[in-house]
Amino acid sequence: MGAFVRPAHPGLPGDGGAAGGLRRRRAGGGRTRAAGPRGAAGGLRRHLGRRGRARPAVRHRAARPAAGGRCAVYRSGRPGADRIAPRQRGRARQCPVPVRRGLGLRHRRLPGRSGLRRAEAGARHLPQQDLVGGAGRPRLGAGGRRWHGAGLHARRLAGRHRAGHAGGQHRLAGGGSVGKRHQAAFQGEGHLLPHSRPWRAAGPAGRGAGGGPGGGAAVLPAGPGSAALGVGAVTRSVTILGSTGSVGRSTVALLDAAPEGRFRVEALVANRDVARLAEQAIRHRARCAVVADPACHAALQAALAGTGVEAAAGLAAVEEAASRPADWTMAAIVGAAGLRSTLVALGRGGTLALANKESLVCAAELVLATARRGGATLLPVDSEHNAIFQALHGQDPAGVERIILTASGGPFRDWDLARMATATPAQAVRHPVWSMGAKISVDSATMMNKGLELIEAARLFPVPEPRIDVLVHPQSAVHGLVQFADGSLLAQLGTPDMRTPIAYALAFPERLHVDAPRLDLAALGRLEFQAPDPVRFPALRLAREALQAGGGAPTILNAANEVAVALFLEGRLGFLGIAAVVEQTLESLTAPLADGLEAILALDAEARRAATGFAAGRAPAC
Ligand SMILES: NC(=O)C1=CN([C@@H]2O[C@H](COP(=O)(O)OP(=O)(O)OC[C@H]3O[C@@H](n4cnc5c(N)ncnc54)[C@H](OP(=O)(O)O)[C@@H]3O)[C@@H](O)[C@H]2O)C=CC1
Ligand SMILES: CC(=O)[C@@H](O)[C@H](O)COP(=O)(O)O
Ligand SMILES: [Mn+2]
């Protein structure tokens with residue numbers, strides 16, 4: 001179908017061949033043709049079998065020594081070819097917009113944020129954190145309304161998970177049901193269906209967007225009975241999971257700016273930043289404040305003594321905080337460490353604003369099924385997904401042809417591979433546009449962030465993977481685009497300030513006033529777009545391949561990446577080693593779609609062990 005192009009990959013001494021492993025395995029190391037439309041995913045797919053098919057256990061493959069390799073790029077062979085059939089792969093497409101270089105726009109960073117934060121959810125923490133089988137398991141669905149899912153998405157989920165949901169009519173926001181038109185138009189992963197009617201305003205808090213009794217659609221905009229909040233006079237209760245981080249603090253800043261009485265804080269959760277957590281909790285008179293690290297409990301108790309704010313610590317306390325009734329919950333814990341609390345919040349209904357993309361990457365089906373079961377409304381906060389969500393607002397999904405995620409290109413956008421091999425943590429977290437936590441900043445530097453976002457988009461939106469593109473856009477003014485059947489391209493633009501997408505989720509379907517700098521297009525002058533470089537940024541390809549492979553591959557990808565990023569930040573792995581370790585881990589393990597939380601966490605832990613081993617086997621700082 002598509003022409004097959006092989007640009008030379010210079011490789012590097014000690015580079016683990018991050019650019020070529022899966023394909024090398026498939027192609028036998030030689031020059032080959034693309035393996036048909038699904039070519040890029042063939043390596044993983046062959047091991048995984050049909051997506052979602054139950055297999056007894058994780059399989060290990062013997063570790064192969066990685067070697068520098070060459071990288072394949074697939075390009076669509078004819079104009080519009082990748083637009084025709086959902087299953088065709090038109091990858092790394094040439095950007096139709098002329099490419100220009102050299103213009104930058106700096107994001108006004110949040111005051112007080114240091115550039116280099118530790119990786120809170122890194123390799124060292126997560127497996128030990130009692131994520132598997134620990135105390136306080138989420139009460140998934142307990143007390144929640146039953147999901148009567150039988151529509152397109154419901155059936156797909158039920159097919160992959162033996163979750164026991166059956167029968168009934170899957171209702172969309174606005175009271176409609178998933179129709180044949182949707183099924184015909186979207187055969188992909190998408191679960192966030194904008195309704196063909198304009199989305200409606202909020203109903204009683206705590207109710208899902210299911211549209212009526214027995215509803216409970218997961219990632220839907222408001223319908224009757226929706227938990228979407230609006231900005232009316234009623235006080236809304238808010239919980240922030242990860243309140244001390246970059247997203248958490250932007251969320252608190254919106255609460256600070258809101259009129260008195262508009263929002264009330266139920267719970268705030270952090271890992272170890274007692275001082276900031278206590279300050280936030282006291283200022284907003286939170287009902288409770290929780291640190292995940294039990295070692296910080298005494299300090300938190302001391303900081304909150306006499307304030308009336310309840311202090312708690314440990315994983316069970318984090319989940320208890322997430323289970324408290326709140327109209328709106330921000331999921332902004334970094335990494336898969338945020339999965340359990342995200343599930344707990346979704347399981348009790350209400351609105352969940354999702355920043356924690358890793359949860360969706362490692363456990364999409366479970367997250368979405370839990371949201372449906374709980375009757376929760378899931379609103380995307382990640383800037384690109386929020387932009388696309390805005391562009392989809394009121395649109396008929398049948399008319400959506402393609403979605404485009406923009407990427408800044410990160411701090412190493414113009415670096416060659418030899419220079420990237422020398423990149424330090426301090427350089428990697430210095431994002432050219434956004435001010436963010438350390439982990440996501442490194443992800444931006446490798447472009448794994450865009451890979452995770454690709455998977456996130458495929459899970460959220462009714463557009464299959466081949467019709468999700470990534471374009472490097474250094475100004476980060478255009479956050480996401482949707483292309484429609486009539487050729488229209490709708491985009492959301494704004495200055496790079498997370499308060500804007502968070503506010504959209506906080507007030508949805510209305511809008512809050514946000515004191516973010518306005519985008520000055522005349523000052524900006526021009527917008528540049530270019531195709532990502534798959535040789536210098538193999539992580540994006542790995543994520544696409546994991547998405548195509550399905551099964552447990554995205555879980556493995558995410559876990560290996562978290563390990564590799566944490567080791568990089570600790571100075572124990574070179575920058576190029578991040579993608580190499582992820583690739584080696586993906587090659588070494590095969591797994592079907594994990595069925596249920598414990599299986600997902602077991603696979604996550606297995607991938608972390610494998611990734612740690614691969615990283616240890618590399619020369620220092622490679
Ligand atoms: N930053 C951004 O602009 C964007 C971020 N995101 C996503 O949002 C999430 C958060 O990112 P960001 O705010 O940058 O991250 P930060 O590192 O800045 O903040 C992470 C937050 O999570 C807390 N935390 C870390 N580990 C745990 C744990 N095991 N249990 C409970 N709390 C924990 C931290 O607490 P403490 O401070 O005590 O360590 C902190 O509050 C990530 O998934 C990221 O991908 C998505 C889009 C944009
Ligand atoms: C703000 C946000 O959503 C981040 O995910 C951001 O997009 C990261 O920048 P990159 O585009 O460089 O990954
Ligand atoms: Mn993003």
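Do the conditions hold for T377, that is, is it within 14 Å of ligand 1 (Cβ to nearest atom) and either open to solvent by less than 10 Å² (accessible area, probe 1.4 Å) or not aromatic (F, W, Y) (or both)? Can you show your working first?
Working: within 14 Å of ligand 1 (Cβ to nearest atom): no; either open to solvent by less than 10 Å² (accessible area, probe 1.4 Å) or not aromatic (F, W, Y) (or both): yes.
No.
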Checked pairs for the range 485-506, first touching a residue at least 12 places away in the same chain (Cβ under 8 Å) and outside any helix (DSSP H, G or I), second within 16 Å of ligand 1 (Cβ to nearest atom) and aromatic (F, W, Y), C-beta under 7 Å and 6 or more apart or across chains, list as P496/W434
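Within the bounds of the range 470-477, is there any residue that is closer than 24 Å to A507 by Cβ, within 12 Å of ligand 1 (Cβ to nearest atom), assigned to a loop (DSSP other than H, G, I, E, B) and among the polar types (S, T, N, Q)?
In the first step, residues of the range 470-477 are kept if they are closer than 24 Å to A507 by Cβ; the result is 476-477.
Right, trim to within 12 Å of ligand 1 (Cβ to nearest atom) and you get 476.
The next check asks that each one be assigned to a loop (DSSP other than H, G, I, E, B); those that pass are 476.
In the following step, the residues that additionally are among the polar types (S, T, N, Q) were identified as 476.
Yes, the range 470-477 has at least one match.
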In the range 320-346, anything of a type in the set (G, A, S) and either closer than 20 Å to F461 by Cα or surrounded by fewer than 24 Cβ atoms within 10 Å (Cβ to Cβ) (or both) is listed as S323, A331
D595 fails exactly one of (1) surrounded by fewer than 21 Cβ atoms within 10 Å (Cβ to Cβ); (2) at pLDDT 95 or above; (3) within 19 Å of L366 (Cα to Cα), namely (2)
| message | Any residue that is open to solvent by less than 10 Å² (accessible area, probe 1.4 Å), more than 21 Å from V334 (Cα to Cα) and touching a residue at least 12 places away in the same chain (Cβ under 8 Å) - is there at least one of those in the range 553-573? | response | no
In the range 564-622, anything closer than 22 Å to N449 by Cα, among the small types (G, A, S) and not in a helix (DSSP H, G or I) is listed as G571, G574, A621
All-but-one check, H393 against (1) open to solvent by 40 Å² or more (accessible area, probe 1.4 Å); (2) more than 12 Å from ligand 2 (Cβ to nearest atom); (3) at pLDDT 95 or above, failing number (3)
Heads up, the helices (runs of 4 or more DSSP H) in the range 372-460 (entirely inside) with at least 2 residues that are within 14 Å of ligand 3 (Cβ to nearest atom) and over 23 Å from T555 (Cβ atoms) are 383-392
- Item | Selection status of A363, open to solvent by 10 Å² or more (accessible area, probe 1.4 Å) and part of a helix (DSSP H, G or I) | no
**Message:** Quick check on the range 283-295. Is at least one of its residues in contact with a Gly (Cβ under 7 Å, 6 or more places away or on another chain) and either free of Cβ contacts under 8 Å to residues at least 40 places away in the same chain or within 16 Å of ligand 2 (Cβ to nearest atom) (or both)?
**Reply:** yes
Notebook entry, point to check: Is it the case that the range 470-483 has a residue that's surrounded by fewer than 22 Cβ atoms within 10 Å (Cβ to Cβ) and more than 15 Å from ligand 2 (Cβ to nearest atom)?
Noted result: yes
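Scan the range 284-335 for residues that are in a helix (DSSP H, G or I) and out of contact with any strand residue (DSSP E or B) (no Cβ under 9 Å at 6 or more places or on another chain) and jot them down. Steps first, answer last, please.
Here is the first cut: in the range 284-335, the residues in a helix (DSSP H, G or I) are 294-304, 315-323.
Passing the criteria: L315, A316, E319, S323.
Tally time: how many residues in the range 601-622 are basic (K, R) and open to solvent by less than 30 Å² (accessible area, probe 1.4 Å)?
Restricting attention to the range 601-622, the residues satisfying the condition of being basic (K, R) are 608-609, 618.
Adding the requirement that they be open to solvent by less than 30 Å² (accessible area, probe 1.4 Å) leaves 608.
So the count comes out to 1.
The values are calculated or read from the model by the stated rules, or taken from the named source; none is laboratory data. Computed from a prediction, not measured in an experiment: that's the story for all the values here. Please note: Cβ atoms are built from the backbone with ideal geometry, for glycine as well, and neighbour counts cover all protein chains shown. Quick note on the areas: whole protein, heavy atoms, side chains included, nothing else; ligands and nucleic acids left out. Shrake-Rupley method; radii C 1.70, N 1.55, O 1.52, S 1.80 Å.
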